[in-house]
Each structure stands twice: as structure tokens, then as C-alpha cells.
Amino acid sequence: MNAPLLPGAALGVMGGGQLGRMFVHAAQTMGYRTVVLEPDATSPAGLVAHRHVAAAYTDAAGLAELASACDAVTTEFENVPADSLRTLAERVPVAQAAAAVEICQDRAAEKRHFQRSGVPCAPFATIEHEADLAAAAALLPGILKTARLGYDGKGQASVATTEELAAAWQRLGRAACVLEKRLPLALELSVIVARGRDGALVHLPVQQNLHRDGILAVTQVPAPGVSPELAAQAVDCAGRLAASMDYVGVLCVEFFVLADGSLVANEMAPRPHNSGHYSLDACDVSQFELQLRTLAGLPLAAPRLHSAAVMLNLLGDLWFPDGTAEPRTPDWAGVLALPGVALHLYGKTDARRGRKMGHLTVTAADAESARATALRVCECLG
Ligand code: ADP
Ligand code: MG
């Protein structure tokens, strides 16, 4: 485990989504071989890896095949069962480790980790039984979230009264949930840190995020509404959260900035994150290269932002302008005629509303120009 894995080694990925695809690209750029375990035959990462093991995340034979084909394994999908990561770790180094992934998979465990690490989070209550509802009512109005498997705003309900809380819990199938107090948000930001085997920590610049319908829509770097002091505080919290899990890998921590200027942790992702995609085009080291370096045990160089960036998510909705039934290809040629536009499409064949099909990063010498071009991109895409 101590000598670094050098180019030529084989690196495995649990999960075949776009994050895995961009990791595979980064690994291949440096001359590593790549293997993806993913049940879907045409996944974004499976399509570009040297080898695709088509198996369920819990399939013993598939896991054995991945372990024997690789010198180390990472994960791109936070809902890979922690036990599968443990099984792999008996045979091959795994980062991010099962214990950390397990914390991030459960909102209640995640919040306890925030508290343990001295990082403020929203007041919350766990709801597992009918009787927990009455005790949680003091937090209303709030947001009820399933403890597990929620993403992109799915598995959530905004609730104002005890009746709405009870009804929403029924609708969520009486699954284990957390109820969070609804906080007055001034803005949202996130920070990506990478922590090496030796405990070395580096971070990307803090990014400011705008969500629409619970899905990330726009990321801006440098973060226009974030003071250097607040950014330093977010970086410090994220570093503490990583260190107190003895984390190796890339960790993203999402924060709220409240109306009074205070910083509150929202959630963590034990992997690269959609809000860090700009780093591919605007930094000298991307979040995927950081994932590669932590996995392979290579040195971590502090990333440098060389351009201002605006990242726009490209959802399947763009294929259905004005509510059309038949999908239409967006005007990519028009978009690419604008300066500083980098288009990333994930190779997903069928566009669906709310589905992340790709993203686009506008880079420029200054934030004002990046924003101006991003507005022209939006006009072009309708
Ligand atoms: P997901 O796992 O789907 O990303 P989040 O917990 O990050 O879920 O919530 C999605 C979005 O909902 C947040 O980015 C934020 O805009 C809003 N939100 C979530 N929790 C709260 C809260 N306690 N108060 C106010 N807004 C919230
Ligand atoms: Mg989130």
C-alpha cells in the first residue's frame, strides 16, 4: 500500500455514471488502465473504460473479477453498498473506504459526523417510528428527507404543519428520515478537498451553487457572494470532516450560508461532485485527477484556478423545448461558436426530463466575461 501505483497499473471503479466516466478519462490521460463494474450495458463510464464488468454492485463473482483485474478500486456512486467495498478491500486497496462512504450514505450518520467534528449543521430530528413525529414538530417548518438514497432533491418534502409532516412521511413509505429545520439561505456553496494516504490535504477553490427544483443548475468560481474569510472557514470545516473520518480520496461538502452570514454544513459526497466539474477546464488539476492521485498514492499538488468559470448543467429538459414530445438536439454548434465554451456530454442516449446529460463550462479571464458568455449560452439553448 505504500509505494505509489504508477501509470500502467489498472484502476477499478464501482459505478458507471458520468463521475466514473470523467475519472476514467483522467486515469487514461495518465496512462492507467481502467475497469468499471456496472450492471447497465451502456453506462457512461462502462463505454469508455478498457474493460467493463457487467454485474450488480453486490454480485460476488463480479466483485471478485474486479478485484483480480485491478491494483486499486475507487467508487463514483455513493450508494454502492458499503459491504461490497469491504469485500473488495480484503483483496485490493479501496478509496474512498467503506466506513466513510457508509457515513455519507445516511443523513443521520452524516449529521452526527458534523456534530462530532464541530461543524455546525441544521437542527434536525431522526424519524423512524410514528412516535418520533410529535417530538420533531418543534422544528417545523422544515424539510423531511429520507435518510438514505436521496439525490437531486428526490426523497424530500417541504412540510409546514404536523399534518403535512405525517402525510409526507406516509408518502415516503415510512422510511427512516430526518426532519431538518428550514433555514433562511442567502446562498449555497461547496468545497472539494482531497486527502492523501499520508494525511496531506489540498482543496479546490470554493464554488457557489444555484439549485433549481433541488438539482444543481449553475456553479460559479470564484464564488461571487463569498468572502475570503467565509471561504477559508468552509475549507477548514471540509478538511476537518475528512481528517476525522481518516478519509482518503476526494470529498465534497455542501454548505448553506444563512441570511446572518453564518455557515452551516448541508451534506457530504464521498467522491467528486457535480459542483466540481468546472475544475476540468478552469484548474490545472481537476477533481478527477485528485481522485486518481489519492487512489494511486501519488503526491497531491495544490490546484490552481487559472480562469474564472461558470458551469451550467445540461438536463434532459433541453431536448424538449416548449414541451415538445419528440426530443430535439440542442444547438451545440451555436453554443460552441461562443468563446471559452467547453462542452461535456456523458454519452447517454435517451434524454429524459431532470436527467443529467452533460455540463458545459464557460471559462474567461474574469468572472464578468464568463457570466456574460454563460447568459449567451442560455439564450442559445432556449
Ligand atoms: P440532495 O441530496 O438531493 O442534494 P440536499 O439535502 O442537498 O439534497 O437538498 C437539496 C436542496 O434543497 C439544497 O441544495 C437546498 O437548496 C435545499 N435545502 C435542503 N435542506 C434545506 C434546509 N434545511 N433549509 C433550506 N433549504 C434546504
Ligand atoms: Mg445536495
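The values are calculated or read from the model by the stated rules, or taken from the named source; none is laboratory data. Since this is a predicted model, take the numbers as computed values, not measurements. A quick note on method: Cβ atoms are made from the backbone with ideal geometry, for glycine too, and the neighbour counts reach across all protein chains shown. Calculation scope for accessible area: heavy atoms of the full protein, side chains included, ligands and nucleic acids excluded. Shrake-Rupley method; radii C 1.70, N 1.55, O 1.52, S 1.80 Å.
Just one of (1) within 15 Å of ligand 1 (Cβ to nearest atom); (2) free of Cβ contacts under 8 Å to residues at least 40 places away in the same chain; (3) open to solvent by less than 20 Å² (accessible area, probe 1.4 Å) fails for VAL53. It is (1). Restricting LEU66, LEU47, LEU37, LEU85 to those that are closer than 28 Å to HIS359 by Cα and open to solvent by less than 10 Å² (accessible area, probe 1.4 Å) reduces the list to LEU37. Meeting the requirement of 3 or more residues that are within 22 Å of the chain's Cα centre (by Cα), the helices (runs of 4 or more DSSP H) wholly within the range 69-144 are 82-89, 98-105, 107-116.
Of the residues making up the range 125-160, those that are at pLDDT below 95, near ligand 1 (Cβ under 9 Å from one of its atoms) and among the basic types (Lys, Arg) number 1.
If you take the residues in the range 6-27 that are over 24 Å from SER275 (Cβ atoms) and without any contact (Cβ under 8 Å) to a residue 60 or more places away in the chain, which one is surrounded by the most Cβ atoms within 10 Å (Cβ to Cβ)? Top of the filtered list is PRO7. Kindly evaluate GLU180 against the criterion of being within 16 Å of ligand 2 (Cβ to nearest atom), more than 28 Å from LEU314 (Cα to Cα) and surrounded by fewer than 23 Cβ atoms within 10 Å (Cβ to Cβ). So GLU180 fits the description; yes. One residue is enough: does the range 148-161 have a residue meeting the conditions assigned to a helix (DSSP H, G or I) and either within 16 Å of ligand 2 (Cβ to nearest atom) or exposed (fewer than 15 other Cβ atoms within 10 Å of the Cβ) (or both)? The answer is no, given that none of the residues of the range 148-161 is assigned to a helix (DSSP H, G or I) and either within 16 Å of ligand 2 (Cβ to nearest atom) or exposed (fewer than 15 other Cβ atoms within 10 Å of the Cβ) (or both). Considering the range 183-215, and only residues there that are in a strand (DSSP E or B), touching a Leu at 6+ places or on another chain (Cβ under 7 Å) and more than 29 Å from PRO141 (Cα to Cα), the residue that is farthest from ligand 2 (Cβ to nearest atom) turns out to be VAL202. Within the range 74-88, restricting attention to residues that are out of contact with any strand residue (DSSP E or B) (no Cβ under 8 Å at 6 or more places or on another chain) and away from ligand 2 (no atom under 16 Å from the Cβ), which residue is nearest to CYS237 (Cα to Cα)? So the residue we want is ALA82. Taking the listed residues GLU78, GLU90, the one that is open to solvent by 40 Å² or more (accessible area, probe 1.4 Å), not aromatic (Phe, Trp, Tyr) and not assigned by TED's automatic domain parsing to the domain that holds ALA296 is GLU90, with no other qualifying. Before we move on, is GLY334 open to solvent by less than 30 Å² (accessible area, probe 1.4 Å), in a loop (DSSP other than H, G, I, E, B) and among the small types (Gly, Ala, Ser)? Taking the combined requirement at face value, the residue does not satisfy it. For GLU110, the criteria (1) out of contact with any Phe, Trp or Tyr (no Cβ under 9 Å at 6 or more places or on another chain); (2) without any contact (Cβ under 8 Å) to a residue 40 or more places away in the chain; (3) of a type in the set (Asp, Glu) hold in every case but one, which is (2).
Of the residues in the range 206-214, at least one is assigned by TED's automatic domain parsing to the domain that holds PHE256, touching a residue at least 24 places away in the same chain (Cβ under 8 Å) and surrounded by 22 or more Cβ atoms within 10 Å (Cβ to Cβ).
Against the numbered list (1) more than 14 Å from ligand 1 (Cβ to nearest atom); (2) closer than 30 Å to LEU292 by Cα; (3) of a type in the set (D, E, K, R), GLU163 comes up short only at (2).
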